[in-house]
Every structure is written in structure tokens, then in C-alpha cells.
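See below for the structure under consideration.
Rule-based calculations on the coordinates, nothing more; no lab input. Owing to the predicted nature of the structure, the values given are computational and were not obtained by experimental measurement. Here the Cβ positions follow ideal geometry from the backbone for every residue, glycine too, while neighbour counts run over all protein chains shown.
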Number of protein chains: 2
Amino acid sequence: MPKGQPTVVPDDGLTTRQRRHRPLLMVYTGDGKGKSTAAFGLALRGWNQGWRIAVFQFVKSAKWRIGEQTALEALAGVHAEKGVGGPVEWHKMGSGWSWSRKAGTEADHAAAAAEGWAEVKRRLAEQRHDLYVLDEFTYPIAWGWVDVDDVVAALRDRPGHQHVVVTGRRAHPALLEAADLVTEMTKVRHPMDAGQKGQRGIEW
Amino acid sequence: MPKGQPTVVPDDGLTTRQRRHRPLLMVYTGDGKGKSTAAFGLALRGWNQGWRIAVFQFVKSAKWRIGEQTALEALAGVHAEKGVGGPVEWHKMGSGWSWSRKAGTEADHAAAAAEGWAEVKRRLAEQRHDLYVLDEFTYPIAWGWVDVDDVVAALRDRPGHQHVVVTGRRAHPALLEAADLVTEMTKVRHPMDAGQKGQRGIEW
């Protein structure tokens, strides 16, 4: 739905305008398909608003270049050439982050994840972006590679007007508690259950 | 996840390659946020594969131009200018479809929805596109504006290799039964519950 009416009007001392423009922490979780896809779809909307978008993919596979990266980088090109939309940065962990000089060892995912989160935290403090997509960030939290209390505090206290969307299964209860919007993607049926492998354009 | 292993290998006489490349009927349903966003995110992936994408928005509001439309049309422009990605067509019902000469009366949504579906059916028969996004198409089905048996038969018997994704709440059981992939987006928490109205870049 394009627009909606709130079901209650809270007594929080904010005007409707202030409340409307409150920056959001969003979590897409669950076992179903569509979590990352929905987050990248949200980036499309933000791009159209001229937002400064940054994607951080907390995934281990360095080989993984998904279609959304190419598409969003093409949109970043449209922004650079024609001044429409907003800029897009895409960072993926792989075997070391793009901003890092360290080549990174495949074995040291925990350190890489912690480094990625430290960078996100710095950027939040600097108000570098308008929308942060922290893709698959639930896993480094679940595995204890980053401290969930530190994550929640940094997100809760982030300055200015920065939207954050986190994707991944098994989102930590403290993260869900801090979120403004939580959608659980529930798998009802998936082609892999019927013996089908993932395919190009659908899974990546 | 970029790639996955099937949980079972079916005895269906198909090779892995044939099975992998089987065209999919996907349904994103449920009350949670992220259904349309995930479908448009899938369009990003398809664009990157050079697929011919067509979006059909079965929504009543003619005013509604969402960010994804601008972004996907910008990607269509990148395709036209630079030959990367694929072409994208975006059709919305509003008060009459773009291909229709009829201005359409606001009162006649049922006829407009039926006309939209008839056009989708023609294009499926002609194999015009590689990915069809039938956004909010569950509603005209639920309201009886299009016949669900006709929809299921046309989708089931579609020729060639055409992917279809349908979004919207209250998906008809017959549609779910016919689908290869179904994800239910469950609302766990939504800002509107806390009295917040929808905001630009997030809701549209």
C-alpha cells in the first residue's frame, strides 16, 4: 500500500510530521525467501528519493556478486551522470572489506565482521548515509562476532535521520525489540524442497 | 543465500540443468511489509541477467508512482543506452492501462483488472517477457474480478521459459497450490501500529 493510516495516535509529544519522518530501524528475518530482496527493493525507493545508500554485505563468499549489486551500481552511475536519484556504495565482506588494505584470510571471518560493524558504527556517527542495508548482519550477531548490546546501543542512539535495514535469519531478540519494523518471511513452499537448485536471476 | 543444495532429488525424469532452469511461479503474500519490495528486488536480479521485465501494478490509485518505477525505468534507460541489463516495461492500472485508449472510469476497476489480466495472458502466450511482476494481483482474484481457474490454467500452461511473481495479501489457495515458491510475509511489528504514518522512501 502506498499510504496508510496509523491504527493509534500516540501521546508522545511529537507532531505528525516529526513522527512521520522518524528514522526507522527495520528487520527482515525468517526462513522464507525475500529478505535481502526486500531490503534491496527498499534501496530502490531510497535511491529515487535521492538518499545516500550504503549496502554492507556480511557474507563470507567473496565470489558472490549478486544482480542487485550491478543494478544498484548502474543506478549510482545514473546519479553521477544525470543527477537523478542518489549515490550508492556497495561493500561486501568477502575476504576483507573494500576499504581495508588487509587482504584478509578466509579463516578470519569473525575479525572481518567486527571490522565491518566498526565501520558502520563510524559512519552512523558521521551521518554518512541516509539508508544502510546491513545484509545478513543477523549472523555475525548470532555467532557472537559482534556484540549485540553494542549494536543495539549504536543503532538506538544514532544521530540525525538515518534509516537502517538488517536482514538475515535468527534475528537476536534484542535487535527485534529495538526495531521499528519487523517482518518475518515464512517459507510456505520453496523450489529447493522439490529438488530444484537455485537459479540465476532468482537466487542471485 | 546465493546458492543452495536441494533437500531432495526428485524422480521426475529431468536433468539437474532442466530442473534448475524451470520457469517459476512465485507468490509473496501475507500481512507483512516487503511483498512488493521483494518482487521489485527480484526484478533487479532479472535486469542484471538481461531479462525482459514487465511490471503490472493492479492497484487502483492512479496517483501512485512508487520509487521502484523511477528506478527500474532508469535501469531500462541504462539498457537502452549502454546495452547492459535488460528492458523494463512498467504498466499500472490506475484509471485505465497505458496500452488502452479508454480513459477508464474510476468506478470500473473490475473491468480494468480483467483487461489487465487479458493483456498479461496474451503476452504469456506470445512469450513477450522473461519476468512478469503481477503486483497486488491477489486482490482482483479475491474480489472475483478475474477468474482464478483461468489464472491458474494460463500460468500453469504458459509456454517457454517465463517467470511470474504475484504479490498481495490473501492469495487464493488455488494460486498457492500452483506456485513453485510461496513466501508469507508476517507482520511482527510495523511503525503504523505505533501511530506513525507511512513515509516517502519507505512506503512508496
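Shown in residue order for segment A:138-145 are the 3J(HN,Hα) couplings computed by the Karplus curve 6.51 cos²θ - 1.76 cosθ + 1.60 at θ = phi - 60°: 5, 5, x, 5, 4, 8, x, 6 Hz (x for Gly and Pro). For segment A:180-190, backbone phi angles converted through the Karplus equation (6.51, -1.76, 1.60; θ = phi - 60°) give residue-by-residue couplings of 7, 9, 10, 10, 9, 8, 9, 6, 9, 8, 9 Hz, Gly and Pro being listed as x. Ranked from shortest, the separations from the 7 Å Cα-to-Cβ label point of A:D31 to its equivalents in the other copies are 2.2 nm. The alpha carbon radius of gyration of segment A:111-157, expressed as a multiple of 2.2 N^0.38 Å, is 1.08. Distances from B:A153 to itself in the other copies, using label points 7 Å out along the Cα-Cβ axis, amount to 6.5 nm in increasing order. Across the identical copies, the label point of A:A111 (7 Å from Cα in the Cβ direction) is separated from its matches by 7.0 nm, in order from shortest. Every pair of different Cα atoms in segment A:22-185 enters the Kirkwood calculation, which places the hydrodynamic radius at 15.9 Å.
So how strong a dipole does segment A:22-185 carry about its Cα centre when Lys and Arg Cβ are +1 and Asp and Glu Cβ are -1, to the nearest 20 debye?
320
Rounded to 0.05, the FRET efficiency of the B:A110 and A:E177 pair, given R0 = 35 Å and the Cβ-Cβ distance, is 0.20. A cut-off of 5 Å between modelled amide H atoms, ignoring neighbours fewer than 5 places along the same chain, links A:V59 with A:M93, A:G94. Amide H to amide H distances under 5 Å link B:E89 with B:I53, B:A54, B:V55, where only residues 5 or more positions off or on other chains count and H is placed in the peptide plane.
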